[in-house]
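The values are calculated or read from the model by the stated rules, or taken from the named source; none is laboratory data. Just so it is clear, the structure is predicted and the values come from calculations on it, not from any experiment. As a convention, Cβ positions derive from the backbone with ideal geometry for all residues, glycine included, and neighbour counts pool all protein chains shown.
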Amino acid sequence: MQRITIDPITRLEGHGKIEIFLDAEGNVANTYFQIPELRGFERFCVGRPVEEMPLLTNRICGVCPEAHHMAAAKAADAVYHVDPPPTAKKLRELLYSAFYVTDHTTHFYALAGPDFVMGPDAPVAERNILGVIHKVGLEIGGKVIQCRKYGHTVVEMIGGRKVHPCTSIPGGLTKGITEEQRVEIEKMGRWAIEFAQFSLKLFNDIVLGNKAYVDLILGDIYYHRTHYIGMVDENNKVNFYDGKVSVVDPDGNRLGKYAPPEYRDWIAERVEPWTYLKFPYLKKVGWKGFVDGKDSGVYCATPLSRLNAADGMAMPLAQAEYEKFYSTLGGKPVHQRLATHWARLIELLYAAERWVELATDPEITSPDFHKVPTEKPTEGVGIVEAPRGTLTHHYWTDERGVLTKVNLIVGTTNNYAPISMSIKKAAEGFIKKGVVVNEGILNRVEMAFRAYDPCFGCATHSLPGQMPLQITVHDAKGEVVEVLRQNC
Amino acid sequence: MTDQEHFEPVIIGFTCNWCSYRAADLAGTARMKYPPNVRLIRLMCSGRLDPTFVLKALASGADAVLITGCHPGECHYLEQNYKALRRYLLLRRTLAQMGIEPQRVKLVWASAAEGARLAQEITTLVEEIRALGPLHWPTAPEFGGNGHRPQPEIQPELEEVAA
Amino acid sequence: MSTNGTKPKFAMYWAAACGGCEIAVLNIHEKILDVDANFEVVFWPVAMDAKYKDVEAMPDESITLTLFNGGIRNSENEEMAHLMRRKSKILVAFGSCACEGCIPGLANLSTVQEIFDTVYATVSTDNPQGLRPQFHFAAPEGELRIPAFYPVLKTLDQVVKVDYYMPGCPPESHQIAAVVDLVIKALHGEAQLPPPGAVIGVGNSTVCDECPRKRNEKTIKQFVRIQDLQAPDPALCLLEQGIPCNGPATRSGCGALCPQAGAQCIGCYGPAEGVLDFGARLMTAFASVIDSQDPDEIERILDGLVDPAGQFYRFSLAGSLLRAAKPAWKGNGTRDNGRTEGTRVPSAPAVPVKGR
């Protein structure tokens, strides 16, 4: 069988490769999306003191260490059966909101933006952050840098460092903030709200104003009817930091909401021998393969999922955008994967609003940011919404608080099955008998993948104009049949 | 595989100059028999013992390490043997997590007059290690390791570019 | 003047990494434009679409500067280390993973079997057949491969020669900015690079020197877990308050951010200058502050350190003298240098991939 290999996947965090097998006619027979990396956190964290987990699990991902830091902090609180003071929880969520703004910004502008703003068939030389800047103005680059700078300033003020925060401990935080810092945080937050609105307007003008692009979003190739999950507060509004996880089926019916200790009633993970990463699925529905539908346990956890799984947004500007989103796309739930980029910007706005809301909370500068645990440590689960999906940390410790067992289900992992399906469908849709497989075709396959924002964004880096690319096609004997090159 | 019956442990012994090294001297001049498996390295004081020495010895092929010093209260430099004691106790705990049996690092206090006792301690240690078996740490050169850090040899030169 | 008028080439690659080093580079903010003005970025998987084959096609030593982060966990990481070494004039071990192994190096306390058995049989994993990843798998359509997982994680200089080391987890952005400035100046002949093998982007002392907390005579009768500290003193040395802080032996350069935020230094900047084994130096530092001469009392105080290997080798296990726990060395063979394929595991039947 002929094979097309894309190795490595680029413009994401982490390693991945795609194998596309073609049948004798030249149509796609099958695709495999393999993850070639494993480091073993679930094993080597055993034996470590539980208060180190917010520090150790930071290193699972240096793009979203804040997510692991918070999930670990909440799990460690649960292990010690301690409820941190309100100021600590608000400070953690404030840090988290600023982080969300930064993270969603970098993904939209530098990772997804080029495909989206320039269009999928734009010349490679323009389909990068530079092209985006030229199209919409040099000012943009400066704004994106500014946004990242502000976000990381807040992370450092509350978390101690810009990357790999260090201030969460069981029972709360090691420090609070001063009024001076609070004023600065509020100011940066208000700027962030304006920037979020600007980004949504940009999306509206350039993407929604372009019929060809709207057709792509609404078309069938990037469409999957799957289940969706996302964390919601007690009013069923999207919340990134705390709440219960809402699960809805492809028709939008809520199957239930689970609290952190109940996650195992809902989620199980499958192993395939050709990849290091596992495939989570909904236990109550069951694994039926890499298929869509109500009877398939495949589910998504992305910004789109969170909006689908919730009843609305808790902040007013974001809520207005939420309503516009669904009325434009024909109701809930939305299954078009490319709409995830729009959903991401709505979350960006919500995060900025929440940033200001928390920064103006009367308790935010209180010195009461830690409560010493008094109970014996045993076991606990912490769940937050990482930008790429629901993140679950589950710890068991001995009576000294030293870890005896660890279970992690990490954001992008939730989406491994749907990403695989999206890649296959896009490959089948674009690579057919008679089609010359060129760079643009392969980019459309990669776009299926990028909508899920697999864990990395890169902001303001000026990308070179060329995209060097080589595709080698082998026949069944392994001999080279054709080599396609571009710019190399 | 090494035949354990013919296994001769290699043991590095860090001995302090004032008490325990003199004890070893005494054993020698008195022709006391004890096995030759311990290679002695003289330190001025057991307080000079850096855990790095122990780790380097084990990583380089030693099967065990012996540390000897003056009895508590008799240190030539007053209290430095207590430093050795604290380091030793902490090191053993760490080594246990590395899969190295506690018996492989031994601390013995011996005064300058205790030649016979020191000889006995060494004899006992050698047999204990013989029973335990070789350590064969994989970084040791004879087991295929290539040592700790290679020295860089290349001299990178930068091409000057237009300003 | 350069011979051909083009900008010198730059690359950044991640092996077994987390992406934090990439973010730290981006956090130099506007200065990234200086990088762009002075270099042509030819390979940086996180940011642009050059593939492995493109690097293989480049002439040897055509990349002037490569920042290599991440540890050597599997065969692909090692192949890339050799490739980037060949293609680069200057190869920098960037970040703690490449320099001394960093936190994923803690896996060196476990065997491959233990790692696989943990990951592929967690409480939420549904794996009744006991499947494990196969380095070669016969799918119905063709052979699929994933890189071989090594028994012991290695540092970059344990597989290739390294020109410079830039430690930190991640290196702080102000240090990265300073190094960027230096390299650009050197390109223009306005500055000298340090001698090869140097550690760059760091201070020449320890974190204690940068820490503003007050230090008296450190004497500990008890180690305290940070969450148990009643009324922590924000101005007093953390180690003096009984918190196990690695400041005394950790390289300076970060600005002592964590102790200023109330958290103990965990040692992410690696060992101070001239230290052969980071953990050994920390053991000495901790042993010095224990205030007791009685063996039983010392043992009782040491009981307060619940995880010595983790405390002292948190970032540096792979780069230490012993490098890994004894059982961890066993892969398929006992040799560390070979590209062992790891544990032989029950081979999975070729599962027809239905429904795809």
Failed criterion for A:GLU66 (all others in (1) among the acidic types (Asp, Glu); (2) within 8 Å of another protein chain (Cβ to nearest Cβ); (3) assigned to a helix (DSSP H, G or I) hold):
(2)
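Looking at segment A:200-238, which of the residues that are in a strand (DSSP E or B) and touching a Gly at 6+ places or on another chain (Cβ under 7 Å) is surrounded by the fewest Cβ atoms within 10 Å (Cβ to Cβ)?
Step one: list which residues in segment A:200-238 are in a strand (DSSP E or B), which gives A:223, A:227-232, A:237-238.
This time we only want the ones that are touching a Gly at 6+ places or on another chain (Cβ under 7 Å), so: A:231-232, A:237-238.
Values: A:MET231: 24, A:VAL232: 23, A:LYS237: 18, A:VAL238: 30.
Once the filter is applied, the top-ranked residue is A:LYS237.
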Identify all residues within segment A:69-95 that are in a helix (DSSP H, G or I) and under 18 Å from A:THR397 (Cβ atoms); write none if there are none.
A:ALA71, A:ALA72, A:ALA73, A:LYS74, A:ALA75, A:ALA76, A:ASP77, A:ALA78, A:VAL79
Only strands (runs of 3 or more DSSP E) wholly contained in segment C:122-199 count here; list those with 1 or more residues that are assigned by TED's automatic domain parsing to the domain that holds C:ILE32, among the aliphatic types (A, V, I, L, M) and in contact with a helix residue (DSSP H, G or I) (Cβ under 7 Å, 6 or more places away or on another chain).
C:149-154, C:164-166
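Working only within segment A:108-140, note down all residues that are acidic (Asp, Glu), farther than 21 Å from A:ILE346 by Cα and either in a helix (DSSP H, G or I) or at pLDDT below 70 (or both). Give the derivation first.
Step one: list which residues in segment A:108-140 are acidic (Asp, Glu), which gives A:115, A:121, A:126, A:139.
Those still in the list that are farther than 21 Å from A:ILE346 by Cα too: A:121, A:126, A:139.
Selection gives A:GLU126, A:GLU139.
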Would you point out which residue out of A:THR105, A:THR87 is within 18 Å of A:HIS341 (Cβ to Cβ) and either away from every other protein chain (no Cβ under 11 Å) or modelled with pLDDT of 95 or more (or both)?
A:THR105
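Hey, among A:ILE177, A:ILE185, A:ILE158, which residue is among the β-branched types (Val, Ile, Thr), over 30 Å from A:PRO418 (Cα atoms), at pLDDT 95 or above and part of a loop (DSSP other than H, G, I, E, B)? Quick ask: steps written out before the conclusion?
Working: A:ILE185 fails: part of a loop (DSSP other than H, G, I, E, B); A:ILE158 fails: part of a loop (DSSP other than H, G, I, E, B).
When all the criteria are applied, what remains is A:ILE177.
Provide a single number: the residues in segment B:15-44 that are at negative phi and either within 14 Å of chain C (Cβ to nearest Cβ) or among the charged types (D, E, K, R) (or both).
The qualifying residues number 5.
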Taking segment B:67-94 and the residues there that are touching a Gly at 6+ places or on another chain (Cβ under 9 Å), over 12 Å from B:TRP18 (Cα atoms) and surrounded by fewer than 22 Cβ atoms within 10 Å (Cβ to Cβ), the one that is nearest to the other protein chains (Cβ to nearest Cβ) would be B:GLU79
Here is a list: A:GLU385, A:GLU399. Which entry is without any contact (Cβ under 8 Å) to a residue 60 or more places away in the chain and touching a Lys or Arg at 6+ places or on another chain (Cβ under 7 Å)?
A:GLU399
List the number of the failed condition for A:MET188; all other conditions in (1) closer than 25 Å to A:PRO114 by Cβ; (2) in contact with a Gly (Cβ under 9 Å, 6 or more places away or on another chain); (3) of a type outside the set (Ser, Thr, Tyr) hold.
(1)
Among the residues of segment C:98-112, is any within 7 Å of another protein chain (Cβ to nearest Cβ), surrounded by fewer than 24 Cβ atoms within 10 Å (Cβ to Cβ) and not hydrophobic (A, V, I, L, M, F, W, C)?
yes
Could you list all residues from segment A:33-48 that are modelled with pLDDT of 90 or more, on the phi < 0 side of the Ramachandran plot and facing another protein chain (nearest Cβ under 7 Å)?
A:GLU42, A:ARG43, A:PHE44, A:ARG48
Under 6 Å by Cβ, and 6 or more places apart or on different chains, what pairs join a residue from segment C:31-59 that is under 19 Å from C:ALA186 (Cβ atoms) and more than 7 Å from chain A (Cβ to nearest Cβ) with one that is surrounded by fewer than 22 Cβ atoms within 10 Å (Cβ to Cβ) and charged (D, E, K, R)?
C:PHE39/C:LYS7
Out of all the residues in segment A:1-20, which are at the interface with chain C (Cβ under 7 Å from one of its Cβ atoms), in a loop (DSSP other than H, G, I, E, B) and within 18 Å of C:PHE137 (Cα to Cα)?
A:MET1, A:ASP7
Restricting to segment C:1-17, and then to whatever is of a type in the set (Ser, Thr, Tyr) and either surrounded by fewer than 21 Cβ atoms within 10 Å (Cβ to Cβ) or more than 21 Å from C:MET166 (Cβ to Cβ) (or both), can you tell me which residue is nearest to the other protein chains (Cβ to nearest Cβ)?
C:SER2
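From the list A:ASP398, A:ASP368, exactly one residue is more than 25 Å from A:ASP265 (Cβ to Cβ), more than 12 Å from chain C (Cβ to nearest Cβ) and of a type outside the set (S, T, N, Q). Which is it? Before the answer, list the steps.
Working: A:ASP398 fails: more than 12 Å from chain C (Cβ to nearest Cβ).
Just a single option satisfies the conditions, and that option is A:ASP368.
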Residues in segment C:43-83 that are more than 16 Å from A:GLY14 (Cα to Cα) and in contact with a Ser or Thr (Cβ under 8 Å, 6 or more places away or on another chain): how many?
6
So the check is Cβ under 8 Å with 6+ separation or different chains; which pairs have a first residue in segment A:405-426 that's basic (Lys, Arg) and a second one that's assigned to a helix (DSSP H, G or I) and buried (at least 22 other Cβ atoms within 10 Å of the Cβ)?
A:LYS425/A:ALA448
Looking at segment C:189-216, which of the residues that are small (Gly, Ala, Ser) and more than 22 Å from the chain's Cα centre (by Cα) is farthest from C:SER252 (Cα to Cα)?
C:GLY189
Can you tell which of C:GLY20, C:GLY70 is within 9 Å of another protein chain (Cβ to nearest Cβ) and under 23 Å from C:PRO167 (Cβ atoms)?
C:GLY20
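Working only within segment A:378-416, note down all residues that are of a type in the set (D, E, K, R) and surrounded by 24 or more Cβ atoms within 10 Å (Cβ to Cβ). Write out each step before concluding.
We begin by selecting, within segment A:378-416, every residue of a type in the set (D, E, K, R); these are A:379, A:385, A:388, A:398-400, A:405.
Of everything in segment A:378-416, those that are of a type in the set (D, E, K, R) and surrounded by 24 or more Cβ atoms within 10 Å (Cβ to Cβ) turn out to be A:GLU385, A:ARG388.
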Tell me which residues, restricted to segment C:255-274, are part of a loop (DSSP other than H, G, I, E, B), at the interface with chain A (Cβ under 10 Å from one of its Cβ atoms) and out of contact with any helix residue (DSSP H, G or I) (no Cβ under 8 Å at 6 or more places or on another chain).
C:GLY262
For segment A:243-302, list the strands (runs of 3 or more DSSP E) that sit wholly inside it and hold at least 3 residues that are of a type outside the set (A, V, I, L, M, F, W, C) and without any contact (Cβ under 8 Å) to a residue 40 or more places away in the chain; which are they?
A:254-258
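Out of everything in segment C:127-164 that is among the basic types (Lys, Arg) and facing another protein chain (nearest Cβ under 9 Å), what residue ends up being nearest to A:ILE20 (Cα to Cα)?
So in segment C:127-164, the residues among the basic types (Lys, Arg) come out as C:132, C:145, C:154, C:161.
Still in the running and facing another protein chain (nearest Cβ under 9 Å): C:132, C:145, C:161.
On the way: C:ARG132: 23, C:ARG145: 13, C:LYS161: 37 Å.
Top of the filtered list is C:ARG145.
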Report whether or not A:ALA314 is among the small types (Gly, Ala, Ser), within 14 Å of another protein chain (Cβ to nearest Cβ) and either in a strand (DSSP E or B) or more than 29 Å from C:ALA138 (Cα to Cα) (or both).
no
Could you please let me know if A:SER305 is at pLDDT 95 or above, surrounded by fewer than 24 Cβ atoms within 10 Å (Cβ to Cβ), more than 24 Å from A:GLU194 (Cα to Cα) and not acidic (Asp, Glu)?
no
Single condition C:PRO167 does not satisfy, out of (1) crowded, with 18+ Cβ neighbours inside 10 Å; (2) over 28 Å from A:THR413 (Cα atoms); (3) facing another protein chain (nearest Cβ under 7 Å):
(3)
